[in-house]
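Everything below concerns the one structure shown next.
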Amino acid sequence: MAGRATPWLIGLTLVLMAAGLVGGLWLAPPDYQMGDGFRIIYIHVPSALLSMVVFAVMAVASAVGLIWRIRMAHAVTAAAAPIGAAFTFIALVTGALWGKPMWGTYWVWDARLTSELILLFLYFGYLALVHAFPDRRTGDQAGAILAIVGAVDLPIIHFSVQWWTTLHQGATLKLSGTPMPVSMLWPLLVMMLAFLCYFAWLLMVRLRAEILRREYRARWVEKI
Amino acid sequence: MFIELLRRECLLAWRRPGEALTPLVFFLVTSMLFPLGLTPDPDLLRPLAPGLIWVIAFLAGMLGVQGLFRADYDDGSLEQLLLSPRPLTLAILAKALGHWLVTGLPIVCGAALVAEMLFVPPHVLAALVAGLALGTPILTLLGTLVSALTVGLRQAAVLAPVLILPLSVPVLIFGAHSALLAMHGQSTARAFVVLAGMLILALSLLPAAAALGLRIGHEA
């Protein structure tokens, strides 16, 4: 299935990403305050979104793997974790690069930045824990517990960090009354979709490798 | 069984006082370093003190909890617990409570002494001690989970703090800020309610998760 879905996902990702980038980098007008600097949003916001989506995917897959004892679900979690860590890292780096000209500093101890950083550490902790076990299956299950506890803790972390006075702008995307002109908005939404497809594509590729690595003794693998 | 396990924990700590007291000694020694490293000036230390005390209490708490199941794992009594027909969750709760009584409670009391030495005003001291009394058990429970997940691993000592710290951020924020609120003369009720809520959540969920973690480690 992964083999059949991958070309479609690649195509969809490339088309959406091309459309989003053209729309974001050429067609959208420069912001009246930030000039062209705001265009980094087209990478930053989708990465930040994905960093959270991936953790949710991991938590759900972990729960499925623990409850129904499906080994495949653990493979999904293991395959998704490095991708999620990468998205989190990209979101932090692009945010820092944007922050330097706009806020005058690379880093502030603001609510969203801090919770994103903690999310990155959670990813690192998960990866470190899973790889610390000599036995794959034990590592998977221990990591699954950590992923679930982390997913329960994340909203609390987010809420607690928000308790500080925050410098980060409020949510730009709301269900009603977006303060953003349509010409700037549609490339952003397209880029979000593109990043989601990109994640699905990467996940398929990594999942295939992960399954092959795990089942390398099985007969069907030998045939390939 | 709960009471017996609790007694065993306390008895073990009593027989080997060096191990049980290490977190408290660490807490006292580290807090002595801040006036030496920063400044002995009361006016500068006072606003920093609650946050410093919280951070040191955090580190001290982590020091002890990561090896919670280590000795039991080594001498086989962990296996006894796992095989026993009684609920493992309850046994873990007993161990966590015993550990907190032996290490957490002394730190809460020691914090009052350290706060006095760092010139914390009396009305803040009450908020600080109350916050620590609510916050350190959560930390112990998180540490219980992590030490259950890492028991038997060689890298456990390095791994445990990496796993505990991000998870325990909310405790630090609300705890340290409750003391800061008291210092600014504002109401601390909201922070305490949130801390108590987190403690209840941790009490109800984390022992069960730790039990699952121990069973997974045991099956391997």
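The values are calculated or read from the model by the stated rules, or taken from the named source; none is laboratory data. Keep in mind that what you see is a predicted model, and the values were worked out from it rather than measured. Using ideal geometry, Cβ is built from the backbone for each residue, glycine included, and neighbour counts are taken over all protein chains shown.
Please state which one of A:SER160, A:SER176, A:SER183 is modelled with pLDDT under 75, over 20 Å from the mean Cα position of the chain (by Cα) and not in a helix (DSSP H, G or I).
Exactly one of A:SER160, A:SER176, A:SER183 is modelled with pLDDT under 75, over 20 Å from the mean Cα position of the chain (by Cα) and not in a helix (DSSP H, G or I), namely A:SER176.
Taken together, the criteria exclude B:ALA210 from residues that are buried (at least 24 other Cβ atoms within 10 Å of the Cβ), touching a Leu at 6+ places or on another chain (Cβ under 9 Å) and under 28 Å from B:LEU44 (Cβ atoms). Is the stretch B:116-136 home to any residue that is of a type in the set (S, T, N, Q) and modelled with pLDDT of 90 or more? So far as the stretch B:116-136 goes, yes, one or more of its residues are of a type in the set (S, T, N, Q) and modelled with pLDDT of 90 or more.
Tallying residues that are assigned to a helix (DSSP H, G or I) and among the hydroxyl-bearing types (Ser, Thr, Tyr) within the stretch B:77-102 yields 2.
Yes/no per residue for (1) within 21 Å of A:ILE118 (Cβ to Cβ); (2) modelled with pLDDT under 90:
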position	(1), (2)
A:ALA5	no, yes
A:GLY37	no, yes
A:VAL57	yes, no
A:VAL64	no, no
A:ILE67	no, yes
A:MET72	no, yes
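Just checking, how many residues over the stretch B:194-216 are more than 13 Å from chain A (Cβ to nearest Cβ) and more than 23 Å from B:ARG86 (Cβ to Cβ)? Talk me through it step by step, then tell me what you get.
Applying the first criterion (more than 13 Å from chain A (Cβ to nearest Cβ)) to the stretch B:194-216 yields B:196, B:203.
Checking the rest, the ones that are also more than 23 Å from B:ARG86 (Cβ to Cβ) come to B:196.
The total comes to 1.
For the stretch A:80-106, the set of residues classified as surrounded by fewer than 19 Cβ atoms within 10 Å (Cβ to Cβ) and touching a Gly at 6+ places or on another chain (Cβ under 7 Å) consists of A:PRO101, A:MET102, A:THR105, A:TYR106, listed by residue number. Restricting attention to the stretch A:134-151, the residues that are more than 7 Å from every other protein chain (Cβ to nearest Cβ), touching a helix residue (DSSP H, G or I) at 6+ places or on another chain (Cβ under 8 Å) and free of Cβ contacts under 8 Å to residues at least 60 places away in the same chain total 1. A:THR88 passes every criterion in (1) within 30 Å of B:ALA196 (Cβ to Cβ); (2) modelled with pLDDT of 85 or more; (3) polar (S, T, N, Q) apart from (1).
Considered as a group, the residues in the stretch B:185-220 that are assigned to a helix (DSSP H, G or I), closer than 30 Å to B:TYR73 by Cα and of a type in the set (Gly, Ala, Ser) include one that is modelled with the lowest pLDDT, and that residue is B:GLY217.
Rundown of residues vs (1) within 16 Å of the chain's Cα centre (by Cα); (2) assigned to a helix (DSSP H, G or I); (3) within 28 Å of B:PRO121 (Cα to Cα), yes/no style:
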position	(1), (2), (3)
B:LEU5	no, yes, no
B:ALA20	yes, yes, no
B:PRO23	yes, yes, yes
B:PRO40	no, no, yes
B:ALA60	yes, yes, yes
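Scanning the stretch A:121-133 for residues that are part of a helix (DSSP H, G or I) and facing chain B (nearest Cβ under 9 Å) yields a count of 8.
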